[in-house]
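Asker: For reference, the structure I am asking about is given below.
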């Protein structure tokens, strides 16, 4: 099963790289947005030693992981259902888990590359300082939990996408809305009405962005967070809960074809 | 043990009864063709046998197992040629065939299978770049790469040019010669006649006739139509046995240069069979 999963992962990555549209629009888009926001909002921060572009660089990691996990997975699965990939695989001895692990490998590779790209832009263009080892440790668990939660939710949501050509439109609505209310596009998040912050707190993206700000920004920046602190424990809890919810949704809603049963 | 045993198979979609109690037995090593117009329930039935679809009633055994619950080891013994897949467009033929070969315990050699379906010149082309017929041959290659005991072919030659169809038929005969059981659905009666050991006609969710290409629907006993020219007029007689008439005509000294004796073609029989249901 391991070799089949790796083989699936290899084929998934190969197909992604050969499809230039997805490389440009899902993979490079977060970096493009970062450059755009960083340029528009420049240094307008009253906190000493921190620029708005650095805040964006940190927060945008959450957006990057969300699009790679949620959108790549949701749209990819809908497409696999439509073009016969899933039907073909289901007629072979390949276990369903190997298929899903293959997808997860694709998302992991993309997410690592995405994060590296965003951090690189942050460091090279906006002089974002790299953190110390203990912060990197936080980064690792935060990264893994984020990728897993977003990927599982992407699989789950693919069940409601009827036609692959609509996938981008359907999936990007929650993604873009959540960027605005979760402190990614608009920070400090405290500018938002408190009920909106409450709404955002139910979803993973707010915690992901907050966590990445902890990793890359000076400790003093916590005063700009909704709770006035980094809330790492709660972040782990919420993201862990979303992993469980995503898994349950996957298992209950997964369909092999658009007209299954 | 038979390759396929079906009794009382039923499937209903919302308000439509797509399959209404089918009984079917396919022996090992046999090429069995399932004929029928669109909407007759061919694809539904085959998808149930492949394990792609659930049934609402009846008993189904494919290679001794229930396709509804069978696992990976059963799937390694069957091969499915998809009808309308457009997957793996960005992979090359060789990449995809090798990839799928990796799912099976004892696959055929990828290069050998690609040669068998006549795609060796295209082996390094992206699947996206292939013509419709070539694309279908990739599907066939993927269906047989795992050395299946039983191969499902759902309308395999749609979109093939005549030459490609002949080559494909040879390939099917080669596979059958190696002992592979083949279940084929098709619209083409010449295809069924050329390939099938036995066939069944499905109309409106039920089997209306079953037999060999020669005997289907009473075709062997269907008699013959004799026609000839006499005094500038065409005479035609429909008879169970034309022997006596021919003897009489010969004895009478009738000019027999225009004599024709035609027996019902498989197509005539088929159209009668499905027409009777309309």
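Asker: What's the angle, to the nearest 10 degrees (0 to 90), between helix A:204-216's Cα axis and the longest principal axis of chain A?
Answerer: So the helix axis and the longest Cα principal axis differ by about 50 degrees.
Asker: A further question follows. Report Rg (one decimal) and Dmax (nearest whole number) for region B:4-217, counting Cα atoms only, units Å.
Answerer: Both quantities, over Cα of region B:4-217: 16.9, 49 Å.
Asker: So what's the angle, to the nearest 10 degrees on a 0 to 90 scale, between helix A:164-181 and the longest Cα principal axis of chain A?
Answerer: 20 degrees
Asker: Under a 10 Å cutoff between Cα atoms, tell me which one of B:50, B:115, B:191 has the largest fluctuation in the Gaussian network model of chain B.
Answerer: Largest GNM mean-square fluctuation: B:115.
Asker: OK, next. Once the mean 1/r over all distinct Cα pairs of region B:220-275 is inverted, what Kirkwood radius in angstroms do you read off? Can you show the working numbers first?
Answerer: Details: mean 1/r = 0.0804 Å⁻¹.
Every distinct Cα pair counted, the radius reaches 12.4 Å.
Asker: Under the rule of -39500 (n - 2.57) per DSSP H run of 4 or more residues, summed and divided by the residues of the protein assembly as shown, what mean residue ellipticity at 222 nm is obtained, to the nearest 500 deg cm²/dmol? Could the numbers behind the result be given before it?
Answerer: On the way: 20 runs with 263 residues, N = 539.
When only DSSP H runs of four or more count, the value is -15500 deg cm²/dmol.
Asker: Please work out the Cα convex hull volume for chain A and give it in Å³ per residue. Kindly include the intermediate steps, with their values, before the conclusion.
Answerer: Values: hull volume 33.9 nm³, N = 261.
About 130 Å³ per residue, rounded to a whole number.
Asker: Round to a whole angstrom and tell me the spacing of the C-alpha centers of region A:136-165 and region A:193-243.
Answerer: 18 Å
Asker: If you rank B:230, A:114, A:82, B:106 by fewest surrounding Cβ atoms within 10 Å, what's the result? Numbers along the way, then the final one.
Answerer: Details: B:230 12, A:114 27, A:82 20, B:106 8.
Going from least to most buried by this count: B:106, B:230, A:82, A:114.
Asker: Using only the Cα atoms of the protein assembly as shown, construct the convex hull and provide its projected area averaged over every direction, in square nanometres to one decimal.
Answerer: Working: hull surface 131.4 nm².
It is 32.8 nm².
Asker: Please report the spacing between the Cα centers of region B:164-242 and region B:97-133 in Å, no decimals.
Answerer: 32 Å
Asker: Among A:68, A:190, A:92, which one shows the biggest mean-square fluctuation in a GNM of chain A, springs joining Cα atoms closer than 10 Å?
Answerer: A:92
Asker: Percent of Cα-Cα pairs more than 20 Å apart in region A:90-156, please. Let's see the in-between values first.
Answerer: Numbers: 976 of 2211 pairs.
Result for the distance tail: 44 percent.
Asker: Still on this model: Taking only Cα atoms, what is the 0 to 90° angle, nearest 10, from helix B:162-177's long axis to the longest principal axis of chain B?
Answerer: The two axes meet at around 70 degrees.
Asker: Another question, if that's okay. Among B:225, A:103, rank each residue by its count of other Cβ atoms within 10 Å, from fewest to most, as a rough exposure measure. Let's see the in-between values first.
Answerer: Numbers: B:225 15, A:103 22.
Ranked by crowding around the Cβ, least crowded first: B:225, A:103.
Asker: Suppose the Debye formula is applied to equal point scatterers at every Cα of region A:1-148; what is log10 I(q)/I(0) at q = 0.13 Å⁻¹?
Answerer: Log10 of I(q)/I(0), two decimals: -0.65.
Asker: A follow-up question, please. For chain B, set up a GNM with springs between Cα atoms under 10 Å and report which of B:24, B:256, B:130 has the largest fluctuation.
Answerer: Residue with maximal mean-square fluctuation among B:24, B:256, B:130: B:256.
Asker: In peptide B:63-75, how many Cβ atoms from other protein chains are near each Cβ within 10 Å, on average?
Answerer: On the way: counts 0, 0, 0, 0, 0, 0, 0, 0, 2, 7, 1, 1, 7.
Mean inter-chain Cβ contacts per residue within 10 Å come to 1.
Asker: When a footprinting reagent is the concern and you count Cβ atoms within 10 Å, what order do A:222, B:42 take, fewest first?
Answerer: Details: A:222 16, B:42 23.
Arranged by neighbour count, lowest to highest, A:222, B:42 become A:222, B:42.
Each reported figure results from applying straightforward, stated rules to the coordinates on display, with no laboratory input. Bear in mind the structure is a predicted one, so any value in this text is a computation, not a measurement. We place every Cβ from the backbone using ideal geometry, glycine too, and count neighbours over all the protein chains shown.
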